[in-house]
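Shown below is the structure under consideration.
The values are calculated or read from the model by the stated rules, or taken from the named source; none is laboratory data. Keep in mind it's a predicted model, so treat the numbers as computed, not measured. Glycine gets a Cβ as well: all are built from the backbone with ideal geometry, and neighbour counts include every protein chain shown. Note: accessible area is taken over every heavy atom of the protein model, side chains too, but ligands, DNA and RNA are not part of it. Shrake-Rupley method; radii C 1.70, N 1.55, O 1.52, S 1.80 Å.
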Amino acid sequence: MSSTEQPVTPTNDSPDFKAVPDFEVAPGMQRHLADARVNVELDTGDMIINLGPQHPATHGTLRLVVRLDGERVIAADPVIGYMHRGYEKLTEFRTYPQVTTLINRIDWLSSFANEVPFVHAAEQLMEIEAPPRAQYIRTALTELSRIATFLLFLGEMGLQVGALTPAFYGFRDREHVLNLIESATGGRFHPNFNRIGGLKDDLPWGWIAETRNVMKIVLDACDVFEDLVLGNEIFQARTRSVGIIPGELGASYGVSGSNLRASGVDWDLRRDGAPYLAYPELDFEVFTHPDGDSFARYWVRLQETRESARMVLQLLDKMPSGPIMAKVARIIKVPAGESWVETENPLGQMGYYVVSKGGTGPFRVKIRSASFSNVSILPWMLRGVYVPDVVTILASLYFILGDIDR
Amino acid sequence: MAFKLPGLIGGLGITFKTMLQGAVTVQYPHEKEQPPARSRGVIALHEDNCTSCMLCSRACPDWCIYIEGHKEERPARREGGRPRAVNLLDRFDIDYALCMYCGICVEVCPFDALFWSPEYEYSEPNIASLLHNKDRLGEWFHTVPEVEPLEVGAAPVAKAKK
């Protein structure tokens, strides 16, 4: 270095450099001040990175553009639409039985629960009602799909905080439930079992006894998850007071289902909504948790899995006999009109607004899916959290990308 | 204060217990699981029953059934009767690359020509080979299971399904 040039900012070599400024500081603070000084000198700006579109914690193609200051998220912006399949438009060119096939694929983890509100909306327009046995079987299969969805969550959530074992247990126990759904409907994931006015078929021989056995397995699995995951200190440290949704704010964003109940809002469409299926005749409890953090969401879903298993057992005890199909013409024509049906799906509130002009297919269908609204709170939730917590928050919100993009 | 077992140790107990229970997985090519009788694996065609009425082709949500047929005159059954026209099937293809396995075609068939079979081993390295013609669909027919009995409380089937 030539003697005529003076460095503009002091470097470590220069005699003027002091790692710690001259004013008095508490002894413990000196290291932090040095860090701050390095930050200023190196001018560590914000960094914008993409989490996804193919990130393991997102169950699909959610792209999350996050602005980071070191490890801390300043702003997060979910970019959706990578899986848009245009279901609302496709329904306009299909007949009613064909639409049921399509809407199986919206939320593929709980396909059966997706069919129910659409079929109900069409039945309301036609002013028919499925016979009681069909309603009971529908309720039982809806609750089974809820159990299957939540068992996957209970395992998956462990995986996202770094524990591999619960994921295997979740998949193992979910397989029993999927086998039940397959033996009754013929499809593991896409049952297409609901028909307007009832069901495609009655249950096969031995299904009720088999379901009783599986419900015991599910209840045992819930105990296992309670010990293995909820009781684990590392899990608690990772999820307690992480990703808090205040109840009122969540409701104003449209968050629904277990995510909202984990924030202390006591709202469940099975109990509070317009009565549908056999829920008014069932005795069940709705669980809420006051905390609203990731831990609360796990706790609420665990309790709801247990409650669903108990509901299925109740349904099997009360199962009425009789036909499973109301009198419906072979070619279904729905009278002109509009109807809106919303139900409590595993992921939250799911609704269909069906407009008919009297043809064999709907004129317009608007789908209100739970995950879309649940994800809309992400920019608010992710502000100021650390990057590893982003993963647990995404996992605990539990959305399905097919349900977001439709 | 009572001693509380740390959750970590309790969790290890569960994994240890599970380890002693043995594996639940199946080594697929060597052992096979039998899917339930209702399982929608592949569609079988009973060609003699098909009248090429095109109902299944029209009801298909993604239009993956291709049917071509022609009419042929047959001599009269009785002396002095009129000659009959019968529908003959030239082509009946299902493109399994497009099929959504919804089962609407099987349901709308008024002549009992289509059936579900739980067979599932027909994957192909070439996507064009997933187009099954009527001979291939006919081969699945012998794998169609018997109609299974229904659960207690089910209403008797009004119309016998042959």
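Sort A:Glu92, B:Glu139, A:Glu248, A:Glu115 from largest to smallest accessible area, using a 1.4 Å probe on the heavy atoms of the protein chains.
A:Glu248, B:Glu139, A:Glu92, A:Glu115
Probe radius 1.4 Å, ligands and nucleic acids left out: can you give me the accessible area buried at the B-A interface, summed over both chains, in Å² to the nearest hundred?
What B and A bury together is about 2900 Å².
Tilt of helix B:7-20 relative to the longest C-alpha principal axis of chain B, in degrees (0 to 90, nearest 10)?
Orientation of helix B:7-20: about 50 degrees from the principal axis.
Here's a follow-up. From the alpha carbon gyration tensor of the range B:7-80, can you work out the equivalent ellipsoid semi-axes (sqrt of 5 times each eigenvalue) and give them in Å, largest to smallest?
Listed largest to smallest, the semi-axes of the range B:7-80 are 58, 16, 10 Å.
Where the only charges are on Cβ atoms (+1 Lys, Arg; -1 Asp, Glu), what is the dipole of the range A:87-373 about its Cα centre, to the nearest 20 debye?
Here the range A:87-373 has a charge dipole of around 1040 debye.
Relative to the first principal axis of the alpha-carbon coordinates of chain A, what is the inclination of helix A:30-42, with its axis defined by its Cα atoms, in degrees from 0 to 90 and to the nearest 10?
For A:30-42 against chain A, the angle is about 80 degrees.
Using a 1.4 angstrom probe on the protein heavy atoms only, line up A:Arg212, A:Arg94 by accessible area, largest first.
Final ranking, largest accessible area leading: A:Arg212, A:Arg94.
Work out the charge dipole of the range B:10-162 with +1 on the Cβ of Lys and Arg and -1 on the Cβ of Asp and Glu about the Cα centre, then indicate which of B:Ile67, B:Ala128, B:Cys53 is farthest towards its positive end.
Looking along the dipole axis, the top candidate is B:Cys53.
Quick one: if you stick a label point 7 Å off each Cα along the C-beta vector at A:Ile48 and B:Ser123, how many nm between them?
4.1 nm
Is the range A:178-295 best put as rounded, prolate or oblate by its Cα gyration tensor, with a ≥ b ≥ c the root eigenvalues, rounded for a/c under 1.5, and otherwise prolate when a/b is larger than b/c, oblate when not?
Since a/c reaches 1.5 but b/c is at least a/b, the shape of the range A:178-295 is classed as oblate.
Moving on to the next point. With the dipole of chain A worked out from charges on the C-beta (+1 for Lys and Arg, -1 for Asp and Glu) around the Cα centre, which of A:Ala148, A:Met325, A:Thr288 lies farthest toward the positive end?
Of the options given, the answer is A:Met325.
Can you send over the carbon and sulfur percentage of the accessible area for the protein assembly as shown, probe radius 1.4 Å, protein chains only?
Here it works out to 56 percent.
Using the Cα centre as the reference, give the magnitude of the dipole from point charges on the C-beta atoms of the range A:181-293 (Lys, Arg: +1; Asp, Glu: -1; all else neutral), rounded to the nearest 20 debye.
Dipole about the Cα centre, nearest 20: 420 debye.
Something else about it: In terms of the ratio Rg/(2.2 N^0.38 Å) built on C-alpha atoms, what value belongs to the range A:87-373?
After normalising by residue count via 2.2 N^0.38 Å, the value is 1.00.
How far is helix A:294-318 tilted off the main Cα axis of chain A, in degrees rounded to 10, range 0 to 90?
With rounding to tens, the tilt is 10 degrees.
Let me ask something else about it. Roughly what % of DSSP beta bridges within the range A:87-373 run antiparallel, to the nearest 5?
100 percent
A further question follows. Rank these residues by their accessible area, most exposed first, probe 1.4 Å: B:His46, B:His70.
B:His70, B:His46
With +1 assigned to the C-beta of every Lys and Arg and -1 to the C-beta of every Asp and Glu, and no other charges, what is the dipole magnitude of the protein assembly as shown about the Cα centre in debye, to the nearest 20?
2000 debye
Can you give me the C-alpha center-to-center distance between the range B:84-129 and the range A:305-325, rounded to a whole angstrom?
35 Å
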